[in-house]
Amino acid sequence: MRGRWREAIEGYLFLAPALLIIGAFHVWPAIYVLYMSLFRWEIAQGPFLGLRNYQHLLEDGDFLRSVGLTVVYVVGTVPLEMAIGLGVALLLHQRLRLRGMFRLLYFLPYVTSQVAVALVWDWVFNPTYGLANGILVGLGAPTRTWLLQPDGLFGRDLPPSLALASIMFVTIWYYLGFHAVVFLSGLTSISDEILDAARIDGAAGLRLFRHITFPLLSPTTYFLLLIATIGAMTSFNLIYVMGGGSTLAGCGGNPLGTTEVAALFVFDRFWCQTELGYASAAAFALGFVVIVFTAANNRIFARRVFYG
Amino acid sequence: MRLRTLSVVLALVFSACGAATPAATSAPSSAPSAAASSGPATAAPEPAVTITFWHGQSGVLGDRLKALIDKFNASHKIQVQATFQGSYTNNELQTKLISAVQAGSPPDMAQLTGLADVANFYKAKAIAPLQPFVDGPDGLTKDQLADIVPSFLDDNSLTINGKKTIVSWPMSKSESVLYYNPDILKAAGVSVPKTWDEFRTALQTVKAKTSFTPLEWTPSIYDFFLPYLFSEGGTALSSDLTKATFNSAEGVKALQYEVDLVNTDKTAVVTKGYDWQNPFAQGKIAFAVSTSVSVPYIEQAMPKDHTFKVGMAPLPAGPKGSKTNLYGNNIVVFAKAPPDHQRAAWIFLKWLTDTDQTVAWSLASGYMPLRVSAKNSAAFKDAAAKDPRLLIPLAGAPGAVGNPASPDWPKIQGPLGDAVTAALLGRSSAKDALDTAAKKADSILSGY
Amino acid sequence: MLLAAGGVVMVFPFIWMLSTSLKDEAGATAFPPTLLPSEWLFSNYADAWTAAPFGRYFLNSAVMALGQVVLSLATCSLAAYALARMRVPGRGPLFAVLLATLVIPPEVSLIPNYISMQRLGWYNTYLALIVPFGASVFNVFLLRQAFLQLPQDLYEAAVLEGATHLRFLWSVALPLIRPTLAILALLTAVRAWNDFQWPLIVTNTADLRPIQVGLTVFKSDVSTNFQLMMAASVLAVAPVVVLFLLTQRQFIQGIARTGIRG
């Protein structure tokens, strides 16, 4: 019994430094944001509103649209970047020549600052002198206006707009290397003995992947899915810089709000329109959606995760 | 008596430094502040305090501002500690200021982007209106006040208790102007357009006679729609700031004009941010519309073997003359600052507004001098003789209009920008687009 | 082949960055775009380097990144070990709470964190740049995963020899999960290196500002000068690339060599 207590106390001591930091700089702000969301809070704190900010969110067409766009953004990026990342990791896991160089190539976007990344892609998508239109001209196809185009890919008013789709493409490009590297570390942790044993049993190629490699990778996959989804749902920087930022009027989400995903909505209402309370409510509502999603995700996937 | 002697001494000190106009400190003020209720107001000695100033001027402009402030610090007991806190065009400075206000630790003074932001900070009781200082013993005489460009003062004034009150102070002001490439205009045989009608014809001629892009610009509401609207006699919001008026007949005409250029005449190409600057610098575009401080950016992008002199002109005129949008920033003094810091901040701002300094800052930065009389100063005359483009923003200044004084304006500019985009894309008629935005604006202005 | 084709797409923007950083004004925005500069202007790098105090920015970024890596790996290893290997009552719910904190966008928690910095007196110090990122849920999660994969008999053998948890963690567990540590060090350093908004908010003077703040400021100062901007961007990316090359051997080969079961 005494050993148990001792271990518990020791355990808490182990946890203390991390918990202190996370508590002070992640949990406390969340509580503070919750508090702000209950007030009319512009630059200064105003009257107590109770849940009225939340009520207003449900009637705010812009907010609802931003939630919809977030779903489109997540669904359009996360599965692709993970699938391609896994593919790249599998290829890189083989004994290839120039393996180290390829690893670097795929990881390069992720290590580059988003300021520089946005600048480069802004150039690629520039309607008058950009590379994308350069290629279209070369192919004899009509040019497009890319980041300025609010018309949807699948119909004028259906998301994603060409602008958002362009940003989604860049998102996939940017995060692919991150997934590849984490998958790669997962792959290397699968011991050769297991794989060799499977091979002796006659498993190979796709079968080996489906029955051995993929299940053994499942903790990594599950974790990446979680992290990537949460990351994409709260994704901000790339969309902000490429979606027009402050250059037209307001805080971005251009053109016609078709790139205003939820995190951008929150940022715009918080910092540009200085509706601190209302934006906090939106942030919290967004957080709630993420938690529900995560819990659901847990239910669906956790059972299938194989902890080897 | 003693106070008065002191003020004379102070005035001597000031004039000896060549820093401040002596009249400012020795003349009795026209509207005495509470402290000076008995007899004519006199200035107390300058407080020996260090005040903090957060600004958004980086790079070369930051260095030049620092040089100017060093000059102030060398000649005054007040020490100004200025720090760059992020660009103000990119919302970084504002983010920091809002955080600092929440923490209860704002600087003594800071740059804000425009009147709407000033109104917003005032509404939060975060800033101290400057009118008492303007009227007080350290204030400006009537003549001096009349010498500040009136539209700049309007851009720093709010109506408080039914009275127009100076809340903040102008510092770096610029405005929308028309840029042109003289070589292309010559090739097309077009002269610089004076009215919107002439402008439209000029664009058509450039298109017919050359292979250049007649106009490439970012259709921000500030660089076309609002100036056109004002030149037709329209306004953005009603004078009591409770209703949107940009969907008036004048507004529809203004937006239709843009739509016609882009969709009917096909003489204008829409771009994003400052992306027009590079092709313009390369001599591919005849006209552009943007802020008057763009020349150095265009010039640094010019190929060295193919330069030209960037042409600058006031925006074309409508029935009410040439109107333009006032850009740049205003300085606010924070309510949290102790009284002697507030007063020190004002003394610094007044110094900055003196002809010597405002001309120096204007020539160093490309922003407009704040005084009407500045263009008669020797330094400015010399510079303008070398580069007459300096006079163009000044000519436009009387017709420059800043943001509406509503703290809700930042919420309205988004929907209004969307209206412009929707109309330019042909998604809805100019009238429908503006009506939709106006409906949204009205509901924002009435609060929820 | 597939890899190579993909690699071209991945790397193209960087080729463009590099080549633009060596071009002149006309080449940088020529249409149709050209791949190679007509004249190789290495002077752009010198111009960019001297146009802003990049040396100081680099130093600050390095201090910030290193500080965050060391602190975060230390605190998170301890916490993850406790969650994975020790009988601590309430660790299930605790972990759920930790995960929940991921969902509040950092743009919104700026204000409370700024206030905390002011109250703690950390405003405009390296502490403000390092400590708030001195632990992360992401790191705790991945380290816990790694500790869970260590065989139980290793620990039992150590206990027989009289090792404490701390001793076992330090001399057995951590060396075995070196690959995970290497990845997390890299990811933490990259995150720190590329952070922009927080350092800008909590610093007051150029002496403390990191490279991304410098880069952004530089961008607005020379907005039309693509070649200088690209040269500065290349300079900013270079240290991270070097770091990647240094660490990748660690995390790619480490696990395979130690032969730990997956």
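Just so you know, all these numbers are worked out from the coordinates, no wet-lab data involved. As the structure is a prediction and not an experimental result, all values here were calculated from the model. Heads up, the Cβs are rebuilt from the backbone with ideal geometry, glycines too, and the neighbour counts pull from every protein chain shown.
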Would you grab the residues whose amide H sits under 5 Å from the one on B:GLN79? Only those 5+ places off in sequence or on another chain, please, with H modelled 1.01 Å from N. B:VAL49, B:THR50, B:ILE51
Pairs B:LYS164/B:LYS320; B:LYS96/B:LYS309; B:LYS411/C:LYS219; B:LYS164/B:LYS350; B:LYS320/B:LYS350: which exceed 29 Å Cα-Cα? B:LYS96/B:LYS309; B:LYS320/B:LYS350
Protection proxy ranking, peptides C:83-92, A:14-23, average beta carbon neighbours within 10 Å, highest first: A:14-23, C:83-92
Simple label model, 7 Å out from Cα along Cβ direction - B:ILE160 to C:ARG56, nm: 3.7
Round to the nearest 10 and give me the degree value, 0 to 90, for the angle of helix C:106-120's Cα axis relative to the longest principal axis of chain C. 70
At 30 angstrom or more along the helix axis (alpha-carbon based) and mean Kyte-Doolittle of 1.0 or higher, what helices does chain A contain? Whole DSSP H runs only. A:61-93, A:162-188, A:276-302
Counting other C-beta atoms within 10 Å, and keeping those with at most 16, which DSSP coil chymotrypsin sites (Phe, Trp or Tyr not before Pro) do you find in the stretch A:22-89? none
Once both axes come from the Cα atoms, what is the angle between helix B:339-353 and the longest principal axis of chain B, in degrees from 0 to 90, rounded to 10? 50
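Based solely on its DSSP helices, what 222 nm [θ] is calculated for chain A when runs of n ≥ 4 H residues each add -39,500 (n - 2.57) and the sum is averaged over all residues, nearest 500 deg cm²/dmol?
Computed mean residue ellipticity for chain A: -21500 deg cm²/dmol.
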Coarse-grained scattering of the stretch C:53-258 at q = 0.10 Å⁻¹, given as base-10 log I(q)/I(0) from a Debye sum over alpha-carbon atoms: -0.53
Quick one: grab Rg to one decimal and Dmax as a whole number for the protein assembly as shown, Cα atoms only, in Å. 30.4, 108
For the pair A:ARG156/C:LEU36, report the inter-label distance in nm, with labels modelled 7 Å from Cα in the Cβ direction. 4.8
With at most 10 neighbouring Cβ atoms within 10 Å, loop GluC sites (Glu not before Pro) (DSSP) excluded, longest segment of chain C: C:40-160
Are there any trypsin sites (Lys or Arg not before Pro) in the stretch B:263-311 that are in a DSSP loop and have at most 11 other Cβ atoms within 10 Å? List them by number. B:LYS304
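Would you tell me the mean number of C-beta atoms belonging to other protein chains that fall within 10 Å of each C-beta in C:2-9, as a whole number?
Shielding by partners across C:2-9 averages 5.
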What are the aspartates and glutamates whose alpha-carbon lies under 14 Å from the alpha-carbon of B:LYS336, with same-chain residues fewer than 8 places away excluded? B:ASP108
Which FRET efficiency value, to the nearest 0.05, do you get for B:LYS125 and B:ASP442 by plugging their Cβ-Cβ distance into 1/(1 + (r/R0)^6) with R0 = 25 Å? 0.40
Quickly estimate the mean residue ellipticity at 222 nm for chain C, helices only: each DSSP H run with n ≥ 4 gives -39500 (n - 2.57), and the total goes over all residues, rounded to 500. -22500 deg cm²/dmol
Would you compute, for the Cα atoms of chain A, the largest minus smallest coordinate along each principal axis and list the three values in descending order, in whole Å? 74, 66, 31
Karplus ³J(HN,Hα) for the stretch B:283-293 (6.51 cos²θ - 1.76 cosθ + 1.60, θ = phi - 60°; Hz, whole; x = Gly/Pro) runs x, 9, 10, 7, 10, 8, 10, 6, 5, 6, 9
Within a 10 angstrom radius of each residue's Cβ in C:201-214, how many Cβ atoms of other chains show up on average? Whole number is fine. 3
Measure out, as a whole number of angstrom, how far apart the alpha-carbon centroids of the stretch A:147-188 and the stretch C:159-228 sit. 26
Could you work out how far apart the two model spin labels at B:SER238 and C:VAL70 are, taking each label as a point 7 Å from the Cα in the direction of the beta carbon, and quote it in nm? 6.5
Between 0 and 90°, nearest 10: helix C:211-221 axis offset from chain C longest Cα axis: 20
Do you know the relative contact order of chain C, to the nearest whole percent, from alpha carbon pairs under 8 angstrom that are 6+ apart? 33
